[in-house]
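Take a look at the structure below.
The values are calculated or read from the model by the stated rules, or taken from the named source; none is laboratory data. Small disclaimer: the values here were computed from a predicted structure and weren't measured. So basically every Cβ, Gly included, is an ideal-geometry build from the backbone, and we count neighbours across all protein chains shown. These accessible areas exclude ligands, DNA and RNA; they are computed on the full protein's heavy atoms, side chains included. Shrake-Rupley method; radii C 1.70, N 1.55, O 1.52, S 1.80 Å.
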Amino acid sequence: MNDLPSSDLLSISRGEYPADLILRNARLVNVFSGQIETTDIVIAQGKIAALGAGYTAAEEVDLQNAYVAPGLIDAHVHIESSLCLPPQFATAVVPRGITTVVADPHEIANVSGAQGVRFMAEASCDLPLRVELMAPSCVPATNMASSGATLTADDLATLLADGTVRGLAEVMNFPGVISGNGDVTAKIRAFAGTPIDGHAPAVRDKQLNAYVAAGVGSDHECFTPEEAQEKLSRGLYILIREATNAKNLDTLLPIITPANSRRICFCTDDRTPADLLTAGSVDDMIRRAIAFGIDPIEAIRMCTLNPSEWFNMHDRGAIAPGRVADLFIFDDLQIPAARQVYTAGKLVAQDGAIIDPVPNPLVPDTLKGTCKIKWSGVRLDVGLRKRHIRVIVHLANQLVTENKVMNATVRAGNIMADPQRDILKIAVIERHNETGRCGIGFIQGFGLQEGAIAGTVAHDHHNLITIGVDNVSILTAIKAVLSAGGGLAAANGQQILASLPLPVAGLMSDRPIAEVKKNYDQLLAAAKQLGSKLEDPFMAMSFMGLEVIPSLKITDRGLVDVNAFALTELFANG
């Protein structure tokens, strides 16, 4: 977008010179006044020059009383979770009315460090989508997992100083924040005066006071109304999340009132290609909020003005003179679905499709070939030491898990998976530095009756993770993933049922998003064939290694008791 000299913009605003474009007969959704305003929208060089009648322009479009809202803003998203590069992600979300996303590139940062962050910034240039990057605050998330890189406070400060990032992304090491850990505190201090996003699942009472006092300003991990209410009352912005695997919207919608809605934003966090291309993004959340009974303008405000204020993006988030002309045009206020989308005053999407496709960028070789396994360290057998084991219990549509002690199933002196009890083997294998580290455990809630699934998408360390019934299937799935340079796979015995190559850092495809969706659908069908009844077992599996969300998780270093924030033994006393 070219900056228009203020004197010229003022001349057009005064009606002394013609504008570039006028959108006539618009029903403007005014997120300032909370009213629908019938008006003309005057645009010059990508900005709103004026609202009202009596202006002329080189081009005029009659909207015939269509509604016009500010372009939508997703307040927190990981583009890597779309399994696609930024241009393909934009292809999916822009036709939905999303014109800005606040993105945390900590997935690729945990694989490739600052180089990965800069690649995401470069790959997001010249898109019809504004990608505002935040600095990944926890690379690695903790010392209980092995990542491919480390970003210090000085590294992050450099990204801020050169304009690569806008603020500090979700501070996931909440025990470190609360205790005043030196490294964590240094990162927060380096970003003083900028937006600092939080990540504090189930943090309440005195610990919450300390977390907020440290300088964190938001949270997107609330999964009960009581938690969200308390965090709102302590001054945090609440980013209500509806991801593929973490569905909090329906639970939290009842907390929204006219008194507190200005402190609430919507975000998608992690959505797969299937969700993005079918349900959509935060536009889907707006429609569901309205159906629940939230006032339409209030729902739209939570995806426009509210996030623009929290992230200091005062050049957007509303339709007003001087702001960028990012516009979401639709016909039904009760079910807003984009008819047309403008970015910086240019029509970029119409009737659900991008107008000018954007090619994927060249990917440097250093972001490929990132999957390196030292096989001599990989041991999948678990010898019997005690009759009781700790089992990760996955909860449907949630990132939190339960920690249960259960009787082990033993055969020939080894602990085995027991599909009849839905107890499967889970392993995380370090894939960045060929250390040979391999964490082994057991998990309930995935439902596989045979075979295995595997992938190099495992938040946030992104080591190789696998869940299966038998070692042969597990090894087949692992080898399918590695032969593709990273990705996802399902196998049964020595047969590969489906796979999706993700050669860019083991996280993203370099193919069109429609093709990625097709392959992903085949993976889901294969998992269903193996017995899983989960909506998306691959996304669910990817979070079983995230050692900062309660209660029991697993990394390449072993089981993690998240409540104690420490590694724990597989075997337990009965």
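Within the stretch 288-336, track down each residue that is outside any loop (DSSP other than H, G, I, E, B), aliphatic (A, V, I, L, M) and surrounded by 18 or more Cβ atoms within 10 Å (Cβ to Cβ). Hits for the stretch 288-336 are Ala289, Ile290, Ile297, Ala299, Ile300, Leu305, Val324, Leu327, Ile329.
Checking each residue in the stretch 402-416 for being closer than 30 Å to Lys479 by Cβ and either in a loop (DSSP other than H, G, I, E, B) or within 32 Å of the chain's Cα centre (by Cα) (or both) picks out Ala408, Ala412, Gly413.
Of all residues in the stretch 202-234, those satisfying the criterion of being among the small types (Gly, Ala, Ser), surrounded by fewer than 22 Cβ atoms within 10 Å (Cβ to Cβ) and outside any loop (DSSP other than H, G, I, E, B) are Ala210, Ala213, Ser233.
Of the strands (runs of 3 or more DSSP E) contained entirely in the stretch 463-515, those carrying at least 1 residues that are touching a Ser or Thr at 6+ places or on another chain (Cβ under 8 Å) and either of a type in the set (Asp, Glu) or within 13 Å of Ser82 (Cα to Cα) (or both) fall at 487-492, 495-501. For Val77, are the conditions met, namely being open to solvent by 20 Å² or more (accessible area, probe 1.4 Å) and of a type in the set (A, V, I, L, M, F, W, C)? For Val77, the condition - open to solvent by 20 Å² or more (accessible area, probe 1.4 Å) and of a type in the set (A, V, I, L, M, F, W, C) - is not met.
Inspect the stretch 134-153 for any residue being on the phi > 0 side of the Ramachandran plot, over 16 Å from the mean Cα position of the chain (by Cα) and surrounded by fewer than 19 Cβ atoms within 10 Å (Cβ to Cβ) and give the result as yes or no. So far as the stretch 134-153 goes, no, none of its residues is on the phi > 0 side of the Ramachandran plot, over 16 Å from the mean Cα position of the chain (by Cα) and surrounded by fewer than 19 Cβ atoms within 10 Å (Cβ to Cβ). Looking across the stretch 455-475, the residues that are over 30 Å from Val171 (Cβ atoms), in contact (Cβ under 8 Å) with a residue 24 or more places away in the chain and open to solvent by less than 20 Å² (accessible area, probe 1.4 Å) come down to Gly468, Ile474. For the stretch 337-348, a residue qualifies if it is open to solvent by less than 50 Å² (accessible area, probe 1.4 Å) and within 23 Å of the chain's Cα centre (by Cα), and the qualifying residues are Ala338, Val341, Thr343. Which one is nearest to Gly317 (Cα to Cα) among residues in the stretch 343-401 that are part of a loop (DSSP other than H, G, I, E, B) and of a type in the set (S, T, N, Q)? That would be Asn360. Looking only at the stretch 46-74, residues that are open to solvent by 10 Å² or more (accessible area, probe 1.4 Å) and either closer than 18 Å to Cys303 by Cβ or assigned to a loop (DSSP other than H, G, I, E, B) (or both) come to 8 in all. Asp3 falls short on exactly one of the conditions (1) modelled with pLDDT under 95; (2) open to solvent by less than 40 Å² (accessible area, probe 1.4 Å); (3) of a type outside the set (Lys, Arg), and that condition is (2). Counting the residues of the stretch 372-400 that are under 26 Å from Thr244 (Cα atoms) and at pLDDT 95 or above gives 4.
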